[in-house]
Amino acid sequence: MPINISPCANIERAICGGLCHYLSMALPLPKLLKRDDPGATLRADGREPFVVRSEPAGMSNVADATVEPVSMPQRLAVDVRHVSLTFETSDGKVEALSNVSLEIADGEFVSFIGPSGCGKTTMLRVIADLQQPTAGTLLVNGMSAEQARLERRYGYVFQAPALFPWRTIEKNLKLPLEIMGFSDSEQQLRAARYLDLVNLTGFERKFPWQLSGGMQQRVSIARALSFDPALLLMDEPFGALDEIVRDHLNEQLLQLWGKTGKTVLFVTHSIPEAVFLSSKIVVMSPRPGRIIDIIDSNLPRDRTLEIRETPEFLKIAQRVRVGLRAGHSYDE
């Protein structure tokens, strides 16, 4: 069985502080989980197995055959309840988030959209335990945000690729694997697998400065996925790219989501991008950040860019615009 090993992803500390953010995460690797029971399946969070029996339950009478199966509630990847965050600055207090509540199920693609300074990135950083809320509760994969970070339950892709220019593409991807104690053979296997997943096979020996901005960001995505985390946090990863490259990466990201089944939390300023990518869109207001609307998308999961011209797409986009306008009205 594969091992689910999720990373702490704090590239900013590596860049700003000159320290590798993975060093504090170099904990002993978990023991290999074995399937002693052919009916056993690993839990989604990889913590312990549960057993699913294939034999049918006995029926006491014919009427039992018509009974509808009871649907089990979907497991939450993120559960945010009444979270607020206030910064203390030299000019006084700044309220970044105010009474935010949100549930995100396993496997969803959720985009956060709102004006600059509305708390989108702050919300992502709170989920990643890079900042702590001043009020409210937060669970990530059924545990505290701090525990999820320590157990490497998520990968983080920042606005900039944050690749080390003196390391090749392959070695940039391998860096967290090296520090977390993976064997050389496993590092090589994972590097090849995830570079192939983002269509960069053949660029292993290149340096970041030899790649385009879009290709560098794909390396960053591959690195964040290299531990097979259940949750992928993406802070406006395509914001600095031109529209043509951005459209191409949007299509590739959807394909990646379909192949991996990850839960994705994605920050963006673009309405078309949010609608095209997401199964759920969270519309936020200007500071203090509040949730104005949560929009479930009924667009097919297998989408192409042409869907942006359909009435269904335009209807969702219009609802996002209405929510953004309503958010601004709070301060009028």
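Of note:
- The numbered conditions (1) at pLDDT 95 or above; (2) buried (at least 19 other Cβ atoms within 10 Å of the Cβ) are all true for Ser101 except (2).
- Val245 vs. criteria surrounded by 19 or more Cβ atoms within 10 Å (Cβ to Cβ) and of a type in the set (Val, Ile, Thr): no
- For Tyr194: the one exception among (1) within 20 Å of the chain's Cα centre (by Cα); (2) part of a loop (DSSP other than H, G, I, E, B): (2)
- Any hit, segment 261-268, residues being out of contact with any strand residue (DSSP E or B) (no Cβ under 6 Å at 6 or more places or on another chain), at pLDDT below 95 and either under 15 Å from Phe109 (Cα atoms) or of a type in the set (Phe, Trp, Tyr) (or both): yes
- Across segment 136-159, not a single residue is classified as in a strand (DSSP E or B), among the acidic types (Asp, Glu) and either more than 30 Å from Glu204 (Cα to Cα) or out of contact with any Cys (no Cβ under 7 Å at 6 or more places or on another chain) (or both).
- Filtered by the rule that a residue be in contact with a Leu (Cβ under 8 Å, 6 or more places away or on another chain) and either aromatic (Phe, Trp, Tyr) or modelled with pLDDT of 95 or more (or both), segment 292-304 gives a lone residue, Ile294.
- For segment 263-307, a residue qualifies if it is buried (at least 18 other Cβ atoms within 10 Å of the Cβ) and of a type in the set (Asp, Glu), and exactly one does: Glu273.
- Cβ-Cβ under 8 Å pairs, at least 6 apart or on other chains, segment 165-186 side within 14 Å of Phe207 (Cβ to Cβ), far side assigned to a helix (DSSP H, G or I) and among the hydroxyl-bearing types (Ser, Thr, Tyr): Leu173/Tyr194
- For segment 201-236, the set of residues classified as at positive phi and in contact (Cβ under 8 Å) with a residue 60 or more places away in the chain consists of Asp228, Glu236, listed by residue number.
The values are calculated or read from the model by the stated rules, or taken from the named source; none is laboratory data. Model, not experiment: these values are computed from the prediction. Note: ideal-geometry Cβ built from the backbone for every residue, glycine included; neighbour counts use all protein chains shown.
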